[in-house]
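See below for the structure under consideration.
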Amino acid sequence: MARATPEIPNASMADIAFLLLTFFLVTTTINNDRGLSIGLPPPPDPNQDVEVKMQEKNIFKIQVNSTDALLIEGEPMEDVSGLKDMIKKFVTNKGVDPASSESPEKAIVSFKTDRGTSHKRFVEILDIVQGAYYDIYAEQAGVTNKEFREAASALADPEKKAIYERGKKDIPMNISIAEPTKVGN
């Protein structure tokens, strides 16, 4: 007589696999660190027609065309290494240079691109502009840029929150990103 081969009961294996799969799908978090962290302005009030008048001297103009060529205050610029210092000088002018911004509160960095501007160039210039502000904040707080950025990402810690608030005091990050023009590609 032939011997019967023993079988492992596997009727509930599919149920167990389904439960494990469901458990891991529900409990797993996926960090999404993609994109730019830019604070958007509140939506405009449709009942209110407000036209804001700005003095030209309070606006630092950066323009990038479809070939990624850069214009700073109407002048072509090839090397962007000095751009951060130009922005810092403009924002922290406090009325010293009559042709520059009156105060950090009124200083606005205007960034305008063309539809054909590459993403790489857009992010490069935006990083420089934000980096200039972070340098100003770090200087004002009396810490390094890296320490200020760490403080900005850990606001639950009272000590780091104090550094962050001391750095940003009276200097808003006024960056105006204009809608791209349709001249390029």
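The values are calculated or read from the model by the stated rules, or taken from the named source; none is laboratory data. In this text, all values refer to a predicted model and were calculated from it rather than measured experimentally. Please note: Cβ atoms are built from the backbone with ideal geometry, for glycine as well, and neighbour counts cover all protein chains shown.
Select, from PHE148, PHE111, the only residue that is in contact with a helix residue (DSSP H, G or I) (Cβ under 7 Å, 6 or more places away or on another chain), more than 26 Å from ILE163 (Cα to Cα) and either of a type in the set (D, E, K, R) or not in a loop (DSSP other than H, G, I, E, B) (or both).
Among PHE148, PHE111, only PHE111 is in contact with a helix residue (DSSP H, G or I) (Cβ under 7 Å, 6 or more places away or on another chain), more than 26 Å from ILE163 (Cα to Cα) and either of a type in the set (D, E, K, R) or not in a loop (DSSP other than H, G, I, E, B) (or both).
Are any residues in the range 134-163 out of contact with any Pro (no Cβ under 9 Å at 6 or more places or on another chain) and closer than 20 Å to ALA107 by Cα, and if so, which ones?
Those that are out of contact with any Pro (no Cβ under 9 Å at 6 or more places or on another chain) and closer than 20 Å to ALA107 by Cα: TYR134, ASP135, TYR137, ALA138, GLU139, GLN140, ALA141.
Can you name the number of the only condition in (1) assigned to a loop (DSSP other than H, G, I, E, B); (2) surrounded by 15 or more Cβ atoms within 10 Å (Cβ to Cβ) that TYR134 fails?
(1)
Give ILE87, ILE136 a once-over and let me know the one that is aliphatic (A, V, I, L, M), out of contact with any strand residue (DSSP E or B) (no Cβ under 9 Å at 6 or more places or on another chain) and under 22 Å from ILE62 (Cβ atoms).
ILE136
Identify all residues within the range 1-20 that are among the β-branched types (Val, Ile, Thr) and surrounded by 10 or more Cβ atoms within 10 Å (Cβ to Cβ); write none if there are none.
ILE16
Just to verify a result, which residue in the range 146-160, among those that are surrounded by 15 or more Cβ atoms within 10 Å (Cβ to Cβ) and either of a type outside the set (Phe, Trp, Tyr) or modelled with pLDDT of 90 or more (or both), is farthest from the chain's Cα centre (by Cα)?
Among those that are surrounded by 15 or more Cβ atoms within 10 Å (Cβ to Cβ) and either of a type outside the set (Phe, Trp, Tyr) or modelled with pLDDT of 90 or more (or both), it is LYS160.
Which of the residues that make up the range 161-185 are buried (at least 18 other Cβ atoms within 10 Å of the Cβ) and farther than 19 Å from ILE87 by Cα?
ILE163, TYR164
Looking at LYS61 and the list (1) under 21 Å from GLU179 (Cβ atoms); (2) at pLDDT below 90, which single condition is not satisfied?
Just one mismatch for LYS61, condition (2).
With the condition kept exactly as written, say whether any residue in the range 130-144 is of a type in the set (Val, Ile, Thr), touching a residue at least 12 places away in the same chain (Cβ under 8 Å) and farther than 22 Å from GLN55 by Cβ.
Within the range 130-144 (the criterion being of a type in the set (Val, Ile, Thr), touching a residue at least 12 places away in the same chain (Cβ under 8 Å) and farther than 22 Å from GLN55 by Cβ), the answer is yes, since at least one residue qualifies.
Please go through the range 81-105 and give me each residue that is surrounded by 16 or more Cβ atoms within 10 Å (Cβ to Cβ), assigned to a loop (DSSP other than H, G, I, E, B) and either touching an Asp or Glu at 6+ places or on another chain (Cβ under 9 Å) or on the phi > 0 side of the Ramachandran plot (or both), ordered by number.
Listed by number, the residues that qualify are THR92, ASN93, PRO104.
Looking for something out of contact with any strand residue (DSSP E or B) (no Cβ under 6 Å at 6 or more places or on another chain), of a type in the set (Val, Ile, Thr), without any contact (Cβ under 8 Å) to a residue 24 or more places away in the chain and over 30 Å from ALA69 (Cβ atoms) - is there at least one such residue anywhere in the range 145-166?
Within the range 145-166, one or more residues are out of contact with any strand residue (DSSP E or B) (no Cβ under 6 Å at 6 or more places or on another chain), of a type in the set (Val, Ile, Thr), without any contact (Cβ under 8 Å) to a residue 24 or more places away in the chain and over 30 Å from ALA69 (Cβ atoms).
Look through ILE125, ILE62, ILE38, ILE108 and report the one residue that is surrounded by fewer than 16 Cβ atoms within 10 Å (Cβ to Cβ), within 19 Å of ASN174 (Cβ to Cβ), touching a residue at least 60 places away in the same chain (Cβ under 8 Å) and among the hydrophobic types (A, V, I, L, M, F, W, C).
Within the list ILE125, ILE62, ILE38, ILE108, the selection yields ILE38.
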